[in-house]
1. Can you figure out the FRET efficiency of B:ASN30 with B:LYS240, using R₀ = 45 Å and their beta-carbon distance, to the nearest 0.05?
2. Arranged from highest to lowest average of other beta-carbon atoms within 10 Å per residue, in what order do the peptides A:115-128, A:52-65 appear?
3. Keeping all protein chains in place, calculate the accessible area per residue for the protein assembly as shown (probe 1.4 angstrom), answer in Å².
4. Can you classify region C:16-61 as rounded, prolate or oblate using the Cα gyration tensor, where a ≥ b ≥ c are the square roots of its eigenvalues, rounded means a/c under 1.5, and otherwise it's prolate if a/b beats b/c and oblate if not?
5. Where the Cα atoms of the protein assembly as shown are projected onto their three principal axes, how long is each span, largest first, in whole Å?
6. Sum -39500 (n - 2.57) across every DSSP H segment of at least 4 residues in the protein assembly as shown, then divide by the residue count to get the 222 nm mean residue ellipticity, nearest 500.
7. For region C:93-235, report the translational diffusion coefficient in µm²/s to the nearest whole number, using Stokes-Einstein at 37 °C, 0.692 mPa s, and a Kirkwood Rh over Cα pairs.
8. When DSSP beta bridges are limited to those with both residues in chain B, what percentage is antiparallel, rounded to the nearest 5?
Amino acid sequence: MLNNKLSGERKAYILLMKALMLFSVAVTAALVLFLFGYVLIRGLPNISWELLSTKPSYLTERIGILPDILNTLYLLLATLAVGLPLGVGAAVYLTEYAGNRRLVSLIEYAAETLSGIPSIIYGLVGMLFFCQFLRMKTSLLAGALTLVIMNLPTIMRTTQESLKTVPQSYREGAFGLGAGKWRVVRTVVLPNCLDGIITGCILAAGRVLGESAALLYTAGFAHAVHGLKEGLLSPGASLTVALYVYAKEQGEFAVAFAIAAILMLLTLLINLLAALVQKGCKRRTSQ
Amino acid sequence: MNNIMTARDLCLWYGQAQALKNINMDIAENSITALIGPSGCGKSTFLKTLNRMNDLVPGVKITGQVCYREEDIYDKNVDVNQLRREVGMVFQKPNPFPMSIYDNIAYGPRTHGIRKRGELDEIVEQALRDAAIWDEVKDRLKKNALGLSGGQQQRLCIARALAVKPSVLLMDEPTSALDPISTSRIEELAMGLKDRYTIVIVTHNMQQALRISDNTAFFLLGELVEYGDTQTMFDQPADKRTEAYITGRFG
Amino acid sequence: MERAGIAPRPFRKGDNMAKKKQLVENLVHGLFLLLGLITVGCVLLITLYLVVSGIPAIREIGLADFLFGRRWASTAAEPAYGILPFILTSIYGTAGAILIGVPLGFLCAVYLAKMAQPGIRNIMESAVSLLAGIPSVVYGLVGMLVLVPGIRRLFHVPDGASLLAAILVLAVMILPSIIKVSITALEAVPREYEEASLALGATPVETWFRVSVPAAKSGIAAAVVLGVGRAIGETMAVMMVSGNAPNMPDLFQSVRFLTTAVASEMAYSAGLQQQALFSIALVLFLFIMLINAALKAFLKGSKEG
C-alpha cells in the first residue's frame with residue numbers, strides 16, 4: 001500500500017515547479033555570466049595605458065579617461081569624508097543618545113524615505129540647492145554633497161546594526177568606572193563597531209561608483225585634469241557619466257566598453273571586499 | 001489484537017551520537033500507546049521514526065526495521081508521502097498554517113488530489129466534528145486560524161491531521177503548551193478517537209499516561225526499558241528504573 | 001582624615017571639573033542630535049524644493065492639462081506640456097518589468113531559500129549581489145548594443161529602442177532586490193508550518209509553494225513593491241534604450257519615462273519648460289512616496305503576520 005507512488009497530477013505539479021525554479025535560477029546565473037563576460041570581452045582589449053593616462057583632446061582626436069578616473073576618485077573621497085561623520089553620528093544618536101521613541105521613528109522614517117527616492121530627483125534638488133542656492137555652480141563638490149545625502153541612509157543603517165551588536169555589558173562596564181557618556185561612546189562603543197562602519201563605507205563607495213543620474217546636472221560633463229582642491233570646485237564627469245556621454249552622444253563604443261569593463265572590475269572588487277569584511281566580523285563575533 | 005506497527009532492532013544515530021538503541025516494540029491497533037521517559041531519552045525521536053519525520057534531520061542514520069501493516073517503511077520503494085498520510089502527526093506546539101480554518105483542514109485533502117467543493121466541505125466538517133471543535137468554529141470557518149486560542153489551535157491541528165484519514169496518529173507532547181482545561185479536552189478527544197485510530201502519544205505527564213493510555217513504554221537514554229499494559233506497569237513496574245521514574249525520583 | 005598625596009576627588013555637581021564635564025557632555029549630545037536630524041532635514045529640503053519649484057508650471061498649464069494632456073512639445077512654437085505619455089509609459093514599463101522580473105526572481109528565491117545546496121546557494125547569492133552592483137549605465141550600454149539591435153531584427157521594427165527594450169532592462173535590474181527580499185521572507189517562515197505540511201503527506205515542493213510561500217506573502221509583496229520603486233525611479237539605463245520620443249506607450253515605439261523626461265531636457269531648458277520639468281519631478285516624487293507608504297504597510301503586515 002505504501003509503494004503507491006504519487007498520483008500523476010501531483011507528480012506533474014512537482015516536476016513543473018522544480019523545472020520552473022531551475023529555469024529561473026539558470027536564467028539569472030546566465031544573465032550574470034553574460035553581462036560580465038560580454039562587457040569584459042569587449043572592454044578589456046580597449047584598455048590601454050594611453051587611455052588611462054591621458055585626457056581627451058579634440059586636436060588629436062585622442063580619447064583618454066584620466067580626468068574621469070580622477071573625478072570619480074575625488075567624488076568618492078569627498079562623499080565619504082563628509083558622509084561618514086554625518087551617517088555615523090546619526091547612527092550613534094539613534095542607538096546611544098535618543099530617548100524619545102517618536103523622534104527615533106521619525107528619523108528612521110526619514111532615512112527610509114531617502115533610500116527610496118530615485119537618483120534623478122537627488123540630481124535635480126542637488127542642482128537647485130547646492131549649485132544654484134549655495135552658489136557652488138556645477139562642480140564635483142556639489143555632486144559629492146548630493147551623493148552624501150543619497151548615501152546617508154546606507155551608512156546610517158549599517159552603523160546602527162553594528163552598534164546594536166556591541167554588548168550592553170561593555171557599556172555598563174565603562175559607565176560603572178565612572179566614564180561619561182561621550183567617553184563611553186568614543187572609547188568603547190565606536191571601536192567595537194568599526195566593521196559596520198567599514199561595511200557602510202564599502203557599500204557607499206559602490207553606490208558612488210555606479211551613480212550617474214544624480215551627477216549629470218550637479219557635477220557636469222567636463223574632462224579636465226585637476227588636483228583635488230581645484231578639482232572639487234570645477235565641473236567634471238565621473239566614469240559613469242563619461243560612459244554615458246561616449247556611448248549615447250558620441251558613439252565611441254570602444255571607450256564606453258573600456259570604461260564599462262573598469263566599472264565591472266571595480267564592482268567585483270567592492271563585492272569581494274564587502275564579503276571579506278562580513279566574513280571577518282562573523283569570525284570575530286563567533287569567538 | 002493486531003499490531004499495526006512494529007519496530008525491530010531499531011537503532012538511530014544523529015551523526016556520531018546514538019539516540020536509539022535496539023528498540024523492539026509492537027503497537028496494537030485501536031489503542032493508545034504512551035511513550036514516557038525523561039527529556040532526551042529518545043521517546044520523541046522514536047515517535048518520529050514511525051512516520052519518517054527524522055528524514056528531515058541532516059546526518060541521521062537508521063538501522064533495523066519499522067513496519068506498518070507488515071510493510072517495512074524504510075524500504076526504498078516506500079513513498080514517504082503516502083506513509084505520512086497513513087501515519088499522521090500532531091506536534092508539541094500548535095502549528096496551524098496562517099490561513100483560514102477551512103483552508104487549514106482542507107490543505108491535506110487538497111494535497112492528495114481532492115478538489116470538489118462538496119466533498120471538501122464534508123471532509124472539513126467531519127474532521128472538525130471528530131476533533132470536537134466543530135461547534136466552536138462552524139460560524140467562522142473563513143477566519144484566520146491564528147485567531148483561535150492555544151487549545152483550539154491544537155484541536156484544529158488534530159482535525160487537520162484527521163482530514164487525510166490516517167490510521168495512526170502520532171502526538172508529540174500535544175498538551176505541554178496548553179492550560180489544564182484545554183489539556184483535559186484533548187485527553188477526552190484522544191480517548192474518543194481510539195475506536196477508529198491508533199494513537200501513539202509522547203508525554204511528560206505521568207498522570208496523563210495513566211489516564212488515557214492502554215500501553216506504556218518507558219524510555220531511558222535511548223533504550224526501551226519497559227513496555228506493557230499501562231495499569232500493570234504503574235502498579236508493579238518490573239524494572240527498578242521504571243519504578244524510580246514513575247514515582248518521581250528523577251525527571 | 002586624608003591620606004597624604006591623594007587629593008579628595010570632587011563628585012558633586014557644583015564642583016568645577018564636574019561642571020566642565022557636564023558641559024562637554026551636553027555639547028556632544030546636542031551635536032549628535034543635530035546629526036540625527038540631518039536626514040529629516042534632507043527629506044524636508046527635497047520635498048520643499050520639489051513643491052516650490054514644481055507648483056508654478058502646473059498652475060500656469062493647468063493641473064488637468066498637465067496630467068492628462070496627451071501631447072508634449074516643449075520646444076515647439078506653440079509648446080504643449082501634457083505628461084500623460086510619460087505617466088503611462090512609466091506605469092506600463094514598471095508593470096512590464098514586474099511581470100517578467102517578479103516570477104523569475106520569486107522562483108529563484110524559493111529555490112535558493114529552500115532547495116539549493118549550501119554551495120550553490122552561496123555562489124548564487126554572490127552572483128545576485130554582483131548583479132545589484134552593476135552600474136545602471138553599464139546596463140544601458142549592453143542594452144543599447146545587444147537588446148536594441150536584437151529587438152529590431154527579431155520583430156522587424158525600424159528601431160529597437162523601445163518600451164520593450166526598457167522593460168527587459170528594468171526586469172533584470174529589479175531581479176536582485178526581489179530575490180534578496182523574498183529569500184529573507186521565506187527564511188522567516190517558522191519551521192513548524194513546513195513540518196506540519198510534510199506530516200500530512202505533502203512533498204517538499206508542495207510544502208514550499210502551498211505553505212511557505214503563502215506564509216511569506218507579505219514579505220514577498222514587499223519585495224514586489226520595492227521592485228516597483230526601483231523600476232519607476234531608474235533613469236540612465238532606460239534613457240539609453242528607450243529612444244526618448246514623447247510618444248504614447250507602445251511596446252515597439254520609442255518612448256519617454258517620467259525620469260527620462262526630466263533628465264533629457266534639463267540640460268538646455270529654461271523658463272516654463274524648465275519649470276514643467278520640475279513639475280514632472282514632483283509627480284514622480286509623489287508616485288515614490290505612495291510606493292514607500294505601500295512598502296511600509298506591507299512590511300508592518302509581515303512583522304505582525
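The values are calculated or read from the model by the stated rules, or taken from the named source; none is laboratory data. Bear in mind that the values here come from a model prediction, so they are computed numbers and not experimental data. A quick note on method: Cβ atoms are made from the backbone with ideal geometry, for glycine too, and the neighbour counts reach across all protein chains shown. The area values use the complete protein model at the heavy-atom level, side chains included, leaving out ligands, DNA and RNA. Shrake-Rupley method; radii C 1.70, N 1.55, O 1.52, S 1.80 Å.
1. Numbers: r = 32 Å, r/R0 = 0.72.
The value I calculate is 0.90.
2. Per-residue Cβ counts within 10 Å, averaged per peptide and sorted highest first, yield A:115-128, A:52-65.
3. Averaged over the residues of the protein assembly as shown, the accessible area is 45 Å².
4. Working: a/c = 11.87, a/b = 5.74, b/c = 2.07.
Judged from the Cα gyration tensor, region C:16-61 comes out prolate (a/c at least 1.5, a/b above b/c).
5. That gives 105, 100, 55 Å along the principal axes, largest extent first.
6. On the way: 36 runs with 501 residues, N = 843.
Computed mean residue ellipticity for the protein assembly as shown: -19000 deg cm²/dmol.
7. Values: Rh = 16.4 Å.
The calculation lands on 200 µm²/s.
8. On the way: 25 of 42 bridges.
Expressed as a percentage, antiparallel bridges in chain B total about 60.
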